[in-house]
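Following: one structure in structure tokens, then a few remarks.
Values in this text are rule-based calculations from the coordinates and carry no lab data. In this text, all values refer to a predicted model and were calculated from it rather than measured experimentally. All Cβ positions, even for glycine, are placed from backbone atoms using ideal geometry, and neighbour counts span all protein chains on display.
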Amino acid sequence: MGAYRPVMTQITRSSTSESTGSGTALGLTHILTSLLPATVHTAGGPERYTVNAVFTRRPSAGEILALNDPEARAWLARAGYPQVTTRVSDRRLEIANTNLEELQAGLGSALTRLLGEISAADAARLESLARDLDGAEEHEAERWEGIRARAGAIRFVEPVEAATSPTGGAPLGLTSIVAGLLPVTIGTDSAPGRYAVSAEFTRPPTGTELAMITGSAARDRLDAAGYAATTLAVRDRLLEIRDTSLDELESGLALVVGTTLAEITEAASVADALMAAEAEKLAAAERERERYVAEAVASIRFDAVTD
């Protein structure tokens, strides 16, 4: 009689926490006589029938699968009971095609050994799976730590002293990549080749800057630098660099984006200054018109003209 071969099943993290009776082997306590055929041990009674025995504890999911599996029947056949089958029904084990005499003669002890082997195999399986899952979680944590480190190391400007725009304001730039918005499969075999990368602005862009970022100004600059596939979009305080990758940003795109924003800051500042000057010019002309009208109205007299 060979050792019980455990049934391989697919288990999730939640199933590894299922109890196996605090480490105790699964066993049987007593037979439910109320479920025996009423004609047992009578002249016309069946020779073989189903006997229900109560478990010592509730079996785990893996133990239930094993007891209901054909391998359990094969184990019993090797033990000398080829006609006997087992099936779990809640807290009971249904032992079919047997009788009380056979259970007394050795089947009961064989079932105890079978349950013990199944319990041990299931406990070992769960322990191995738990180790595998712990290792996978540790690998996943290390993978994400590496991705966050890569994202945090990407700089969008050269390491020089901070500059100011021609109008004296702070230039528009990017602080860091938001790693939490990267695709979760980065660093795995199923990772996309290109995806969107979001980075935080150093300040909210002005209306003119926003128009230039999403318009032809940024488009022309990216095309000239060889990044025709990449596009820029603004979402709240984030710049979305679409159709790119961390590799591409590390290899030069980050500095191109940073330079583009610096150029847009300068151009937008000049444009805003010109618009402000034009607006002031129009306002001054309006004030002059209002002054002239007021003076003209004040100089008009409707007094009667006398000779």
Query raised in the report: Using unit Cβ charges (K, R positive; D, E negative) and no other charged atoms, how large, in debye to the nearest 20, is the dipole of the stretch 26-127 about its Cα centre?
Result: 120 debye
Query raised in the report: Got the relative contact order for the chain handy, in percent, Cα pairs under 8 Å and 6 or more residues apart?
Result: 14 percent
Report task. Report the longest stretch of the chain that contains none of the GluC sites (Glu not before Pro) sitting in a DSSP loop with at most 11 other Cβ atoms within 10 Å. Result -> 162-307
Query raised in the report: Given (i) 12.8; (ii) 36.6; (iii) 18.1, which label gives mean projected area of the Cα convex hull in nm² as computed from the coordinates?
Result: (ii)
Query - CD proxy at 222 nm, helix term only [per DSSP H run n ≥ 4: -39500 (n - 2.57); per residue of the chain; nearest 500] - result: -14000 deg cm²/dmol
Report summary line: Projecting the Cα atoms of V256, A298, A151 onto the charge dipole of the chain, where Lys and Arg contribute +1 and Asp and Glu -1 at Cβ, the residue farthest towards the positive end is A151
Report summary line: Measuring from its Cα centre, the stretch 154-299 shows a charge dipole (+1 at each Lys and Arg Cβ, -1 at each Asp and Glu Cβ) which, in debye to the nearest 20, is 220 debye
Query raised in the report: When Lys and Arg each count +1 and Asp and Glu each count -1, what net charge do the other residues less than 13 Å away from T244, Cβ to Cβ, add up to?
Result: -3
Query raised in the report: Which listed residue (G80, F201, G45) has the Cα farthest towards the positive end of the charge dipole for the chain, taking +1 on Lys and Arg C-beta and -1 on Asp and Glu C-beta about the Cα centre?
Result: G45
Query raised in the report: Label L181 and E71 with points 7 Å out from Cα along Cα→Cβ: what is the distance between them in nm?
Result: 5.0 nm
Query - the chain - charge dipole about Cα centre, Lys and Arg +1 at Cβ, Asp and Glu -1, debye rounded to 20 - result: 1660 debye
**Report entry** Charge sum, other residues only, whose C-beta stays under 13 Å from R92's C-beta, Lys/Arg counted +1 and Asp/Glu -1
**Finding:** +2
